[in-house]
Amino acid sequence: MQKILSQIPQINKILQLDEVKKLQELYPEKIIKENLQLSINNIKKEILSKQLFEVPSLEEIVEVLTKELQKQDKNSLRRVINATGTILHTNLGRSLLSKKVQENLINVAFNYSNLEFNIEEKSRGSRYTHLNETIKKLTGAEDVLVVNNNAAAVMLALNTLSKDKEIVVSRGEMVEIGGAFRIPEIIKLSGGIVHEIGTTNKTHVKDYANAINENTGVLLKVHTSNYKILGFTKEVTNEEVATLAKENDLISINDLGSGQLIDFRPYGLPYEPTVKEVLDSGIDVVTFSGDKLLGGPQAGIIVGKKKYIDLMKKNQLTRALRVDKMTIATLEATLKLYLDEKQALEHIPTLNMISMSKEKLQEKAKLFIEKINHLNFEVEILEDKAEVGGGSYPSSYLDSVVVKLTHSKKTATELERRLLEMEIPVVTRIKDNSIILDMRTLSVEEFEIVGQNLEKII
């Protein structure tokens, strides 16, 4: 064994190899030495534990080193291609930003900006003013505040308007969002006191009315955007909650969750209230996400009565929850597309994918097949179902078109694994020992990359 151990090359000798000197042009010498030392230590351990009976060649050691350096050089957060058919895929980053926001983002991110500078008055300004007018125009709100996500928006609103007071909420609306974040916990964290009313499937106006006492602060509605309760049910409307709150000098808040600015019924989805409709019902404050049905960056948007928004702006939590210049830049550019609904549907990827017709999807499928026709796949174009995802439109599906690929020598599991190992991984589905690529989430611009990846595998 000692004889084998003595054959392990010294690190300095390996560093003198031409192949390693080339690596030194690409990677820091310190990183190369650390990886070499780790590799040599592993060889020693395997020899001592009798898992290895001879020392690898210099070529093998350099090959392992090269692969490890390449692996470490990749950013942890990187691009993937979504061929799953889930549009707002939480694991894959939810909304794609519109290409139309790039110019604004680059201008703001790589240059100084007027983030907190009022150019007209030549004095200190507020980062919160940049989004106000556009959001007010789109929603009809008196005022606006944007924080870093919707959970933060709900917590800030409740902490500001109902700290140490009871927050009345239906038992059927005790939502849990991703990562086990729950409305009851957010209420408690805000400093409020949970007052549950009704039952899981039925809540009446009288339940809200009977719960009101001298320590009530807010009547809260939570839109169940990530699940549905069906059957023998009863839900109190926004109008009823808003009216009851006003009659009792209380504040009404609606956590709308996904939030949307346009009606998606023309594209095959059921009715969901828009932000404007909820505000028009009389609700005082509405919160919603920026990176779901809105199609923008991650953000929590608070809209409603100016007197309540002003109080939130003065809350010390607001600084801890504030958004940065890049979020403001991309959100502003995204929202401006909504001023022309046709532009929004064309240029905001989330909206474009939701509204894409079956005819367009069929065209995309045929175009994709042309790209991979030379490969040895059995190919089928099938009708299937896609989903919005991201906790939006639960149990509602969009008609879609998929390309089903089957290979005579490679299993679907192997194809899926190899596609995930590529420089730009492709995330697919498996069905009947075939891989499924959904045309609703796979863009035409990505066909070339997917085709090249498949060719490398075959």
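The values are calculated or read from the model by the stated rules, or taken from the named source; none is laboratory data. None of the values given here were measured: they were computed from a predicted structure. FYI the Cβ positions are ideal-geometry reconstructions off the backbone, even for glycines, and counts take in every protein chain you see. All accessible areas refer to the heavy atoms of the entire protein, side chains included, with ligands and DNA or RNA removed. Shrake-Rupley method; radii C 1.70, N 1.55, O 1.52, S 1.80 Å.
Numbers for the structure displayed
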read-out	value
Which listed pairs, of 100/313; 371/410; 136/336; 409/431; 100/137; 137/306, have C-alpha distances above 23 Å, in listed order	100/313
Förster radius 35 Å - calculated FRET efficiency between residue 420 and residue 34 (Cβ-Cβ, nearest 0.05)	0.80
Accessible solvent surface per residue of the stretch 236-291, calculated while the other protein chains remain in place, 1.4 angstrom probe, Å²	35
Helix 325-337 axis, angle to the chain major axis (alpha carbon atoms, nearest 10°)	70
Accessible area of the stretch 250-340 belonging to carbon and sulfur atoms, whole % at 1.4 Å probe	51
Beta bridge orientation in the stretch 227-381: antiparallel %, DSSP, nearest 5	55
Net charge of neighbours whose Cβ lies under 13 Å from the Cβ of residue 8, counting Lys and Arg as +1 and Asp and Glu as -1	+1
Residue (of 112, 434, 88) at the positive-pole extreme of the chain, dipole from beta-carbon charges	112
Principal axis dimensions, largest first and in whole angstrom, of the chain by Cα	89, 51, 51
Heavy-atom SASA rank of 181, 288, 117 (probe 1.4 Å, accessible area, largest first)	181, 117, 288
Electrostatic dipole magnitude of the stretch 20-175 [Cβ: Lys, Arg +1; Asp, Glu -1; Cα centre; debye, to 20]	140
Solvent-accessible surface ranking, highest first, for 57, 98 at 1.4 angstrom	57, 98
Residue 371 accessible area, 1.4 Å probe, all protein chains in place, Å² to nearest 10	90
Dipole magnitude of the stretch 289-393, debye to nearest 20 (Cβ charges: Lys/Arg +1, Asp/Glu -1, about Cα centre)	1020
Karplus 3J(HN,Hα) series, Hz, for the stretch 10-17 with 6.51 cos²θ - 1.76 cosθ + 1.60 (x for Gly, Pro)	6, 4, 4, 5, 5, 5, 7, 5
Largest to smallest accessible area among 27, 267 [probe 1.4 Å]	267, 27
Stretchable slack from residue 163 to residue 375, in nm (0.36 nm times residue separation minus alpha-carbon distance)	70.0 nm
Accessible area in square angstrom per residue, the stretch 374-444, 1.4 angstrom probe	45
